[in-house]
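Novice: This is the structure I want to talk about, given as structure tokens.
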Amino acid sequence: MALDPEEFVTLTDHGTMKLRSAILRAMTLLPKERRRATILRQGEPAILNFEEIKDLAARWAERLVSTD
């Protein structure tokens with residue numbers, strides 16, 4: 001799943017922002033709020049639940065840390 005970090009999305013209960021910002025904000029939510037975190041987007045997949053958000057954040061972080 002290749003997603004554009006600059007794509008505009010909606011983080012439920014937090015409004016419209018770039019995907020990168022939505023991922024960061026979702027990861028900083030309190031645990032109870034994280035379970036309800038959902039990102040809505042125009043492309044496929046149209047809905048990202050918190051597990052998908054967490055996986056995407058981990059993949060992006062891994063790319064940033066890579067020393068290749």
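Novice: Can you tell me which of (1) in contact (Cβ under 8 Å) with a residue 24 or more places away in the chain; (2) loosely packed, with under 11 Cβ neighbours inside 10 Å is the one Asp13 doesn't meet?
Specialist: Condition (1) is where Asp13 drops out.
Novice: Right, next: Among the numbered criteria (1) exposed (fewer than 11 other Cβ atoms within 10 Å of the Cβ); (2) touching a His at 6+ places or on another chain (Cβ under 9 Å), which single criterion is violated by Ala46?
Specialist: The failed condition is (2).
Bear in mind that the values in this text are calculations on the coordinates, not laboratory data. Source: prediction; values computed, not measured. Here Cβ is always computed from backbone atoms with ideal geometry, including for glycine, and neighbour counts include all displayed protein chains.
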